[in-house]
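Colleague: The structure is given below, and queries will be raised subsequently.
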């Protein structure tokens, strides 16, 4: 049973395209997150959602938009992809603030 | 903004040897989390420390939190090849809404 799953695992696309990454958690957690890991392996928070409300947005370009259809899903939509968007994107979830976060396997996005 | 500095950046040890990884925060720690990442995979939660002086162990891995020094250490006893990977420390922001991560320590264990 996968606790936090992401699809697709790999995504290769051209500049200017629009793409989405899906995330699902079956842990019954209230909070979900998106992180970006760059080529130097530095992991940085992008968004978090608590009970379907966006509670943090760390200076991420507005080309990125999280969408949560329900508590178990937090999808990431990216418009007008740029070369600099190439990275590994991780979804995570936690029972609440100050609780440990559980991460998905990551989606490696390559923009050509 | 808060920053976490990990040391060393990379480490190569012989199987069976002990090792320590340090994580120092530029601001007060509200919670310190240790994760392990294998190449091409997601992060695996190891331990969470919240109180000064707290120490937790799981199998051969022990983590301590020195709140006054805003520092945590991760100690591995009798390292094994299965311990190889990238170890990341993460600190909760004051609101507890996100984790701020260090840049990681890459551990290699030679047999």
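Quick note: the coordinates plus some simple rules give every number you see, no bench work behind them. Quick caveat, the model's predicted, so the values are computed rather than measured. No Cβ is skipped: glycine too gets one built from the backbone with ideal geometry, and neighbour counts run over all protein chains shown.
Colleague: With r defined as the distance between the Cβ atoms of residue B:80 and residue B:9 and R0 fixed at 25 Å, what FRET efficiency is calculated, to the nearest 0.05? Numbers along the way, then the final one.
Modeller: Details: r = 22 Å, r/R0 = 0.86.
After rounding, the FRET efficiency stands at 0.70.
Colleague: Using only atoms on other chains, find how many Cβ atoms lie within 10 Å of each Cβ of peptide B:32-42 and report the average. Each step should come with its number before you reach the end.
Modeller: On the way: counts 0, 3, 1, 4, 0, 6, 0, 1, 5, 3, 11.
Going residue by residue through B:32-42 and averaging, the value is 3.
Colleague: Say R0 is 41 Å: what FRET efficiency, to the nearest 0.05, do residue A:77 and residue A:98 get from their beta-carbon distance? Before the final figure, lay out the partial values.
Modeller: Working: r = 28 Å, r/R0 = 0.69.
Plugging the Cβ-Cβ distance into 1/(1 + (r/R0)^6) gives 0.90.
Colleague: Have a look at B:30, B:87, B:39 and tell me which one the Gaussian network model of chain B (Cα, springs below 10 Å) gives the largest fluctuation.
Modeller: Judging by the Gaussian network model, the answer is B:39.
Colleague: From other protein chains only, count the Cβ atoms within 10 Å of every residue's Cβ in A:23-35, then give the mean. Before the final figure, lay out the partial values.
Modeller: Values: counts 0, 0, 0, 0, 0, 0, 0, 0, 3, 0, 3, 0, 5.
Across A:23-35, the average partner-chain Cβ count within 10 Å equals 1.
Colleague: Next up: As a test, work out the antiparallel percent of DSSP beta bridges whose residues both lie in the protein assembly as shown, rounded to the nearest 5.
Modeller: Values: 74 of 83 bridges.
About 90 percent, rounded to the nearest 5.
Colleague: At what distance in nm do the modelled label points of residue A:14 and residue B:28 sit from each other, each positioned 7 Å from its Cα along Cα→Cβ?
Modeller: Result for the modelled spin labels: 5.4 nm.
Colleague: Which of these, A:49, A:102, A:89, has the largest mean-square fluctuation under a Gaussian network model of chain A (Cα springs below 10 Å)?
Modeller: A:102
Colleague: Using a simple spin-label model with points 7 Å from Cα along the Cα→Cβ vector, what separation in nm is obtained for residue A:42 and residue A:67?
Modeller: So the two model labels end up 3.1 nm from each other.
Colleague: Send over the Kirkwood Rh of the protein assembly as shown, from the inverse of the averaged 1/r over different Cα pairs, rounded to one decimal Å.
Modeller: Working: mean 1/r = 0.0557 Å⁻¹.
After inverting the pairwise mean of 1/r, the radius is 17.9 Å.
Colleague: Another question, then. Can you pull the mean other chain C-beta count within 10 Å for peptide A:40-47?
Modeller: Numbers: counts 2, 8, 5, 12, 4, 7, 1, 1.
Counting Cβ atoms of other protein chains within 10 Å of each residue's Cβ and averaging gives 5.
Colleague: When only Cα pairs under 8 Å and 6 or more residues apart are kept, what is the percent relative contact order across chain B?
Modeller: Numbers: 283 pairs, mean separation 40.4, N = 111.
Relative contact order here is 36 percent.
Colleague: Out of the DSSP beta bridges found with both residues in chain B, what percent are antiparallel (nearest 5)?
Modeller: The antiparallel proportion sits near 90 percent.
Colleague: Please compute the modelled spin-label separation between residue B:41 and residue B:55, points set 7 Å along Cα→Cβ, answer in nm with one decimal.
Modeller: About 2.9 nm, to one decimal.
Colleague: Fewest Cβ neighbours within 10 Å first, please rank A:30, A:85, A:70 accordingly. Don't skip to the answer; put the middle values down first.
Modeller: Details: A:30 16, A:85 19, A:70 8.
Least to most surrounded, the residues fall as A:70, A:30, A:85.
Colleague: Continuing with this model, one more query. Give the span of segment B:1-44's Cα atoms along each principal axis, as three whole-Å numbers ordered largest to smallest.
Modeller: Result for segment B:1-44: principal-axis Cα extents of 36, 23, 16 Å.
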